[in-house]
Amino acid sequence: MEEHLVLARSEGIQKVAFDSTVKWRELFRANGRTNIRACLLVLTGILMLVNLYMIFMVAPTDAVLGHVQRIFYFHVPLAIVSFAAFLVVFVASVAYAVRRDPKWDNLAHSAAEVGVVFITLALITGMIWAKPVWNAWWLWTPRLTTTLILWLIYVAYLMIRSYAPNPSKAAVYGAVIGIVGFADVLVVYFSVQWWPGIHPTPVVGPLADAGSLDGTMRSVLLFSMLTFLALLTYLIIERMALKDTEDKIRDIRITMRRARQDGLPGD
Amino acid sequence: MPLFIALQIDLPSSNLPWLFAAFAVSWAVFFLYVIYMTRRQQEMQSQIRQLHRALEQQEATDAD
């Protein structure tokens, strides 16, 4: 019986979270990271507002596509930042495979979930761009097809984790998919070089042609990437904190159940 | 000489609804995701309260 009481206290949950009026932000104060997250939230909010101002007021209108080209300042950063999220999944999965530390699994799982949100939005904004520009919602070009496969891989990652018989197996399955699945990120990135098609080539990064983008447009794009990177970081940290709480509650429940099964009173 | 000239469908400005759609969908999805996380957090709070009650009862039993 003492075991679960000690566990509950040792995790720092009881002191903070057992107040009936406690707010979720107060709950996470037990982890000592609330102030950092609050600062990051404020910073991300400010960056988002400045980003919108730059997209609509600073970035010049494209001479050929007109205003619809401004989707580019959301679409490209969403895609690039989702790649960054999947890179985090890859690194955290490798770290988990080597060290078997649940914190790495927590990071991988959180980054994968947030990455799926970003890549979903990249696909949706791409389709909204394609309709007026290509006169089609979707074309089976290599870039679009490989991106759809990427989306399916990481949706499968989340599904397999949720269907796994226990958390340790979910972590192992997740690590395998997180490592193998990252190969498709590279395929997506290089697809426009390997199989040139209707999709525009990169305008920033090592594959970009010099002078492929107006200077102001480039600045706005880079700022937008920075903004979405801040949003990604904030969402991953929040998701990690939530998963950490879920795991602790699950552990306490398991301990209490075991205590009850051993003939001792529990919940 | 006409005073006003109607905007043609193929002019760039006519694409504004697509621009609006892209930004609206993006913001909507981000808000929905944040709402999802907030609701999960509320569920966790509820479970923590249940555990708290159980532990308090147990402490009372142990004290007796």
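The values are calculated or read from the model by the stated rules, or taken from the named source; none is laboratory data. Just so you know, these numbers come straight off a predicted model, no measurement behind them. Reconstructed Cβ throughout: ideal geometry from the backbone, glycine too, with neighbour counts over all protein chains shown.
In the stretch A:225-257, what count of residues is obtained for those that are touching an Asp or Glu at 6+ places or on another chain (Cβ under 9 Å), within 11 Å of chain B (Cβ to nearest Cβ) and β-branched (V, I, T)?
Adding up the residues that qualify gives 2.
Tell me, which residue of the stretch A:196-232 that is surrounded by 12 or more Cβ atoms within 10 Å (Cβ to Cβ) and of a type in the set (G, A, S) is farthest from A:Q69 (Cα to Cα)?
A:A230
Considering every residue within the stretch A:233-243, establish whether at least one is in a loop (DSSP other than H, G, I, E, B) and either surrounded by 15 or more Cβ atoms within 10 Å (Cβ to Cβ) or of a type outside the set (A, V, I, L, M) (or both).
So far as the stretch A:233-243 goes, no, none of its residues is in a loop (DSSP other than H, G, I, E, B) and either surrounded by 15 or more Cβ atoms within 10 Å (Cβ to Cβ) or of a type outside the set (A, V, I, L, M) (or both).
Please pick out the residue among A:W151, A:W138, A:W134 that is over 24 Å from A:L186 (Cα atoms) and of a type in the set (A, V, I, L, M, F, W, C).
A:W134
Residues of the stretch A:156-169 being part of a helix (DSSP H, G or I), without any contact (Cβ under 8 Å) to a residue 40 or more places away in the chain and in contact with a helix residue (DSSP H, G or I) (Cβ under 6 Å, 6 or more places away or on another chain), which ones?
Residue satisfying the conditions is A:I160 alone.
Which of the numbered conditions does A:T125 fail, given that it passes all the others? Conditions: (1) polar (S, T, N, Q); (2) within 12 Å of another protein chain (Cβ to nearest Cβ); (3) under 25 Å from A:T245 (Cβ atoms).
Of (1) polar (S, T, N, Q); (2) within 12 Å of another protein chain (Cβ to nearest Cβ); (3) under 25 Å from A:T245 (Cβ atoms), only one is false for A:T125: (3).
Could you please give the count of residues in the stretch A:128-143 that are among the aliphatic types (A, V, I, L, M) and touching a residue at least 40 places away in the same chain (Cβ under 8 Å)?
Going through the stretch A:128-143 one residue at a time, the tally reaches 3.
Could you give me the residue pairs with C-beta distances under 8 Å whose first residue belongs to the stretch A:207-219 and is without any contact (Cβ under 8 Å) to a residue 24 or more places away in the chain and on the phi < 0 side of the Ramachandran plot, whose second residue is in a loop (DSSP other than H, G, I, E, B) and surrounded by fewer than 14 Cβ atoms within 10 Å (Cβ to Cβ) wherever it lies, and which are 6+ apart or on separate chains?
Pairs that qualify, where the first residue is without any contact (Cβ under 8 Å) to a residue 24 or more places away in the chain and on the phi < 0 side of the Ramachandran plot and the partner is in a loop (DSSP other than H, G, I, E, B) and surrounded by fewer than 14 Cβ atoms within 10 Å (Cβ to Cβ), are A:L207/A:T201; A:A208/A:T201; A:D209/A:T201; A:S212/A:T201.
Examine the stretch A:90-101 for a residue that is within 20 Å of A:M240 (Cβ to Cβ), touching a residue at least 40 places away in the same chain (Cβ under 8 Å), buried (at least 18 other Cβ atoms within 10 Å of the Cβ) and of a type in the set (A, V, I, L, M), and state whether such a residue exists.
Yes, the stretch A:90-101 contains a residue that is within 20 Å of A:M240 (Cβ to Cβ), touching a residue at least 40 places away in the same chain (Cβ under 8 Å), buried (at least 18 other Cβ atoms within 10 Å of the Cβ) and of a type in the set (A, V, I, L, M).
Conditions tested, residue by residue: (1) within 13 Å of chain B (Cβ to nearest Cβ); (2) at pLDDT 95 or above.
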{"residue": "A:M57", "(1), (2)": "no, no"}
{"residue": "A:A63", "(1), (2)": "yes, no"}
{"residue": "A:G66", "(1), (2)": "yes, no"}
{"residue": "A:F74", "(1), (2)": "yes, no"}
{"residue": "A:L87", "(1), (2)": "no, yes"}
{"residue": "A:V94", "(1), (2)": "no, yes"}
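In this structure, is A:S162 surrounded by fewer than 20 Cβ atoms within 10 Å (Cβ to Cβ) and farther than 21 Å from A:M225 by Cβ?
It is true that A:S162 is surrounded by fewer than 20 Cβ atoms within 10 Å (Cβ to Cβ) and farther than 21 Å from A:M225 by Cβ.
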